[in-house]
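Data block below; observations after.
The values are calculated or read from the model by the stated rules, or taken from the named source; none is laboratory data. Keep in mind the model is a prediction, meaning the values are calculated, not measured. Methodologically, a virtual Cβ is constructed for each residue, glycine included, from the backbone with ideal geometry; neighbour enumeration extends over all protein chains shown. SASA here: full protein model, heavy atoms, side chains in, ligands and nucleic acids out. Shrake-Rupley method; radii C 1.70, N 1.55, O 1.52, S 1.80 Å.
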Amino acid sequence: MALLSTIDFPLIIKKNDGFSHGRIDLHSHTHCSDGGLSPQTLIDRAVNYQIAVLAITDHDTTAGFDIAQEYISAKNIPIKLISGIEISTAWQGFEIHIVGLNIDVNNTAIQQLITEQQQAREQRAITIGEKLAKCGFPDAYHDAKNLAGEGSITRAHFAKVLYQQGHVGTMQKAFDQYLGKKGRNTQKAYVKPTWCSIEEAVTAIHAAGGSAVMAHPIRYDLSAKWLRRLIVHFKENQGDALEVVLPQMNPQQRQIMLNYCLEYDLHASMGSDFHQPNKWSDLGRNLTLPDDAKPVWAMWT
Ligand code: AMP
Ligand code: MN
Ligand code: MN
Ligand code: MN
């Protein structure tokens, strides 16, 4: 069962009161995309971090949901799992991530979009591999594919390969030197992706009964003018919510995001974007919505 019933959700979250009934984290990854943990291990970690409501939002796949839900049911774990996805989209030359929450993972529209996005990922990965081969790393595609296994192949897999093989000092350097794009500046192995549009992502999420959330609006390196344009475009295409709270945000950034929500009548979401354990962030850490925000989960009750 993917969709929340109207009965169980209010039991977990009565109001935006700091979540006395447990913590909420609506953005996380597993090894079904570029996360480091299996869905089961992620659930175990969420239990340890006292998460009451968790969304798995892997890049362009929903494969982790059934695995995690079966594990939760089999072990009778007290976590409300929200089905989710993080869809890569293209807008005005930027890559914008749209999170879908509380979706029916069996919906044909969302699965059709996933199939197309997976083809785009595979094609891009092959071309990235060709470019990295020209940089002196002939096995990069093969190794990244191996690392991704059955899951969505991402640039993070390439970055990890370059890092593990000692070609770069950190994964971030792999982006800075080979895989990334900064403004109009593209690195040697950057490949322009052929993602769907924001409109297509929102439409598929709605077809699957879910809410469409713009992921981490502060991370796109957009000027204030362009960020507003993006939010207006998202709203015009029926987007529902902004990710107002991320772990590494300062209060001013949070206030700016809240103001956009109020100005454009958007709901607010929050999530750690957890990939694997590290020093800087973890599941549920530093996540509380501002009082004036309309929580995205209010759409589900
Ligand atoms: P992709 O969706 O294939 O473009 O892969 C992007 C993923 O790489 C992101 O979801 C991040 O998890 C990871 N990543 C880490 N550092 C960076 C960076 N500097 N730029 C872009 N992606 C990064
Ligand atoms: Mn990622
Ligand atoms: Mn993202
Ligand atoms: Mn993410």
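Do you know which residues across the range 83-94 are within 12 Å of ligand 4 (Cβ to nearest atom) and in contact with a helix residue (DSSP H, G or I) (Cβ under 8 Å, 6 or more places away or on another chain)? Working first, answer last.
So in the range 83-94, the residues within 12 Å of ligand 4 (Cβ to nearest atom) come out as 84-88.
Of everything in the range 83-94, those that are within 12 Å of ligand 4 (Cβ to nearest atom) and in contact with a helix residue (DSSP H, G or I) (Cβ under 8 Å, 6 or more places away or on another chain) turn out to be GLY84, ILE85, ILE87, SER88.
For every residue, the table says whether it meets (1) farther than 23 Å from ALA55 by Cα; (2) hydrophobic (A, V, I, L, M, F, W, C); (3) open to solvent by less than 70 Å² (accessible area, probe 1.4 Å); (4) within 16 Å of ligand 2 (Cβ to nearest atom).
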{"site": "ALA224", "(1), (2), (3), (4)": "yes, yes, no, no"}
{"site": "GLN248", "(1), (2), (3), (4)": "no, no, no, yes"}
{"site": "MET257", "(1), (2), (3), (4)": "no, yes, yes, no"}
{"site": "SER272", "(1), (2), (3), (4)": "no, no, yes, yes"}
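Looking at the range 274-301, I want the residues that are closer than 16 Å to LEU262 by Cα and have a partner that is surrounded by fewer than 17 Cβ atoms within 10 Å (Cβ to Cβ) and modelled with pLDDT of 95 or more with Cβ atoms under 7 Å, at least 6 apart or on another chain. Which pairs are those?
ASP292/LEU262
Inside the range 131-207, counting only helices (runs of 4 or more DSSP H) that do not spill past its ends, which hold 2 or more residues that are over 26 Å from ILE110 (Cβ atoms) and more than 16 Å from ligand 3 (Cβ to nearest atom)?
140-148, 155-164, 171-174
If we keep just the residues of the range 248-296 that are among the aromatic types (Phe, Trp, Tyr) and within 16 Å of ligand 3 (Cβ to nearest atom), which is nearest to the chain's Cα centre (by Cα)?
Going through the qualifying residues, I end up with PHE274.
Of all residues being among the hydroxyl-bearing types (Ser, Thr, Tyr) and open to solvent by 40 Å² or more (accessible area, probe 1.4 Å) in the range 72-116, which is nearest to CYS32 (Cα to Cα)? Just the residue, please.
THR115
From the list LEU266, LEU287, exactly one residue is within 15 Å of ligand 4 (Cβ to nearest atom) and surrounded by 15 or more Cβ atoms within 10 Å (Cβ to Cβ). Which is it?
Exactly one of LEU266, LEU287 is within 15 Å of ligand 4 (Cβ to nearest atom) and surrounded by 15 or more Cβ atoms within 10 Å (Cβ to Cβ), namely LEU287.
Could you check how many residues of the range 162-208 are modelled with pLDDT under 95 and among the polar types (S, T, N, Q)?
2
All but one of (1) at pLDDT below 95; (2) closer than 22 Å to HIS216 by Cβ hold for ALA46; state the number of the condition that does not hold.
Of the numbered conditions (1) at pLDDT below 95; (2) closer than 22 Å to HIS216 by Cβ, the odd one out for ALA46 is (1).
Hey, any hits in the range 228-235 for a residue that's open to solvent by 10 Å² or more (accessible area, probe 1.4 Å), on the phi > 0 side of the Ramachandran plot and either modelled with pLDDT of 95 or more or within 16 Å of ligand 3 (Cβ to nearest atom) (or both)? Walk me through it before giving the result.
Filtering the range 228-235 down to residues open to solvent by 10 Å² or more (accessible area, probe 1.4 Å) leaves 228-229, 232-233, 235.
Subset that is on the phi > 0 side of the Ramachandran plot: none.
No, the range 228-235 contains no residue that is open to solvent by 10 Å² or more (accessible area, probe 1.4 Å), on the phi > 0 side of the Ramachandran plot and either modelled with pLDDT of 95 or more or within 16 Å of ligand 3 (Cβ to nearest atom) (or both).
Conditions tested, residue by residue: (1) within 16 Å of ligand 2 (Cβ to nearest atom); (2) within 30 Å of ILE218 (Cα to Cα).
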{"position": "ALA68", "(1), (2)": "no, yes"}
{"position": "ALA74", "(1), (2)": "no, no"}
{"position": "LEU81", "(1), (2)": "no, yes"}
{"position": "ILE85", "(1), (2)": "yes, yes"}
{"position": "SER88", "(1), (2)": "yes, yes"}
{"position": "TRP91", "(1), (2)": "no, yes"}
{"position": "HIS97", "(1), (2)": "yes, yes"}
{"position": "ILE103", "(1), (2)": "no, yes"}
{"position": "THR108", "(1), (2)": "no, no"}
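Are there any pairs with C-beta distances below 7 angstrom linking a residue in the range 170-197 that is free of Cβ contacts under 8 Å to residues at least 12 places away in the same chain to a residue that is part of a loop (DSSP other than H, G, I, E, B) and among the aliphatic types (A, V, I, L, M), with the two at least 6 apart or on different chains, and if so which?
Here the result reads GLN177/VAL168, each pair linking the range 170-197 to a residue that is part of a loop (DSSP other than H, G, I, E, B) and among the aliphatic types (A, V, I, L, M).
Within the bounds of the range 45-64, is there any residue that is outside any helix (DSSP H, G or I), in contact with a strand residue (DSSP E or B) (Cβ under 9 Å, 6 or more places away or on another chain) and of a type in the set (Phe, Trp, Tyr)?
yes
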